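*Asks:* This structure is in structure tokens; I'll ask about it shortly.
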Amino acid sequence: MNRTTEAQGEDLAGRVAAGREKILEQLRLVIVGQDEVVDQVLIALFTGGHCLLTGVPGLAKTLLIKTLAGILDLSFKRIQFTPDLMPADITGTEILDESEGVRALRFVRGPVFAQILLADEINRTPPKTQAALLEAMQEFHVTAAGRTYALDRPFFVLATQNPIELEGTYPLPEAQLDRFMFNVTMSYLSEDDEVKVVTETTGARRPAPVRVLGGEDILAFQEYVREVVVAEDVARYAVRLVDASRPGRGPKLDFVEKWVKWGAGLRASQALILGAKARALIHGRYHVSVKDIQALAKPILRHRVIPNFYGEAEGITSDILVDRLLGAVPPPASGL
């Protein structure tokens with residue numbers, strides 16, 4: 001990398017890092033703790049990916065998304081997923097419209113036509129309705145009544161789900177899960193953070209975050225991310241990590257052959273590299289390191305590496321499998 005390119009890279013990294021700090025400053029007025037979760041959500045936003053937030057009720061999943069939407073100057077819609085929700089309730093439907101004595105069908109756009117879409121409790125609706133988001137998430141357009149309608153960019157889906165298996169829940173199919181760049185798990189707060197939340201939310205003070213970035217800023221960040229440099233050794237490490245998760249492939253690790261039903265696909269390799277580029281930028285760097293890959297391995301792989309019956313019987317979770325993969329696949333000798 002010559003000096004001119006290096007200077008340009010540092011400038012881009014500075015812009016993205018400054019944008020992240022602006023968002024964090026406003027988010028922290030409302031959201032306490034969950035720093036790692038917030039960073040992963042922002043990485044998904046800055047790469048044009050989508051995010052699935054998994055956690056028990058009451059961990060501020062919905063509040064985090066609504067607050068982020070209020071900070072960004074983007075259109076926002078919320079869909080509350082229920083068992084009786086239909087695909088047309090998401091994408092839109094045709095109605096018979098009479099104007100000046102002429103009857104004609106008119107398409108009324110559904111809530112999917114937003115730049116930030118909150119799919120709340122997505123696992124509470126049947127797969128037929130869940131699948132209504134597939135085209136929008138992958139192709140950034142919607143086909144309805146034989147016509148295709150483009151979605152405004154950036155388009156960012158943030159879905160929440162409750163990990164507790166209760167009556168009326170429908171686990172997301174693997175094809176739907178694969179469309180989410182990250183599966184971010186939200187855990188309980190520390191004692192100090194929970195005391196802070198309890199104190200602030202039961203008082204009279206109501207923080208009011210302000211808008212700090214617009215759609216053009218986010219689209220620019222998404223372009224900057226793709227310009228980040230990644231060494232071949234680091235890219236090869238990411239691919240080997242994903243390949244090792246596939247039974248019958250790669251180095252044929254014993255624990256993978258024993259406990260894994262399905263390994264991660266090509267989207268996982270792409271997500272690791274793209275996410276690592278964004279992580280490098282938000283930390284002020286213009287090159288991807290092995291640590292960036294390792295830091296994002298769990299949110300990218302945990303919903304793509306599926307334990308089999310024997311693994312589940314022995315209490316083996318996807319997170320345990322990813323930890324084992326990180327320990328089994330050697331990083332490049334260059335140590336980048």
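*Asks:* For the stretch 93-105, what are the residues that are within 15 Å of R147 (Cα to Cα) and either surrounded by 12 or more Cβ atoms within 10 Å (Cβ to Cβ) or of a type in the set (S, T, N, Q) (or both)?
*Replies:* If the condition is that a residue be within 15 Å of R147 (Cα to Cα) and either surrounded by 12 or more Cβ atoms within 10 Å (Cβ to Cβ) or of a type in the set (S, T, N, Q) (or both), then T93, E94 are the ones that fit.
*Asks:* Of the residues that sit in the stretch 100-119 and are within 30 Å of K61 (Cα to Cα) and of a type in the set (A, V, I, L, M, F, W, C), which one is modelled with the lowest pLDDT?
*Replies:* Going through the qualifying residues, I end up with V108.
*Asks:* I'm trying to understand the selection: among the residues of the stretch 112-129, which are within 18 Å of L52 (Cβ to Cβ), without any contact (Cβ under 8 Å) to a residue 60 or more places away in the chain and not polar (S, T, N, Q)?
*Replies:* Selection gives V112, A114, I116, L117, L118, A119, D120, E121, R124, P126, P127.
*Asks:* Looking only at the stretch 1-54, count how many residues are of a type in the set (S, T, N, Q), surrounded by fewer than 21 Cβ atoms within 10 Å (Cβ to Cβ) and either assigned to a helix (DSSP H, G or I) or modelled with pLDDT of 85 or more (or both).
*Replies:* 4
*Asks:* Being within 15 Å of the chain's Cα centre (by Cα) and buried (at least 19 other Cβ atoms within 10 Å of the Cβ) narrows it down to one residue among I90, I122; which is it?
*Replies:* I122
*Asks:* Same structure again: Please verify whether the stretch 264-280 includes one or more residues that are farther than 28 Å from I218 by Cα, at pLDDT 90 or above and assigned to a helix (DSSP H, G or I).
*Replies:* no
*Asks:* Restricting to the stretch 175-219, name every residue that is charged (D, E, K, R), assigned to a helix (DSSP H, G or I), at pLDDT 80 or above and surrounded by fewer than 16 Cβ atoms within 10 Å (Cβ to Cβ).
*Replies:* From the stretch 175-219, those charged (D, E, K, R) are 178-179, 191-194, 196, 200, 205-206, 211, 216-217; that's our starting set.
Then drop every residue that is not assigned to a helix (DSSP H, G or I), which leaves 178, 191-194, 196, 200, 216-217.
Checking the rest, the ones that are also at pLDDT 80 or above come to 178, 191-194, 196, 216-217.
Matches in the stretch 175-219: E191, D192, D193, E194, K196, E216.
*Asks:* List pairs: first in the stretch 271-296 and touching a residue at least 60 places away in the same chain (Cβ under 8 Å) and closer than 21 Å to Q138 by Cβ, second buried (at least 24 other Cβ atoms within 10 Å of the Cβ) and aromatic (F, W, Y), Cβ under 6 Å, 6+ apart or cross-chain?
*Replies:* So the pair list comes out as A278/F46.
*Asks:* Let me ask something else. Within the stretch 135-162, take every residue that is among the hydrophobic types (A, V, I, L, M, F, W, C) and at positive phi and give me the one that is surrounded by the most Cβ atoms within 10 Å (Cβ to Cβ).
*Replies:* Looking at residues that are among the hydrophobic types (A, V, I, L, M, F, W, C) and at positive phi, I get F140.
The values are calculated or read from the model by the stated rules, or taken from the named source; none is laboratory data. Being a predicted model, the structure only gives us computed values, none of them experimental. Here Cβ is always computed from backbone atoms with ideal geometry, including for glycine, and neighbour counts include all displayed protein chains.
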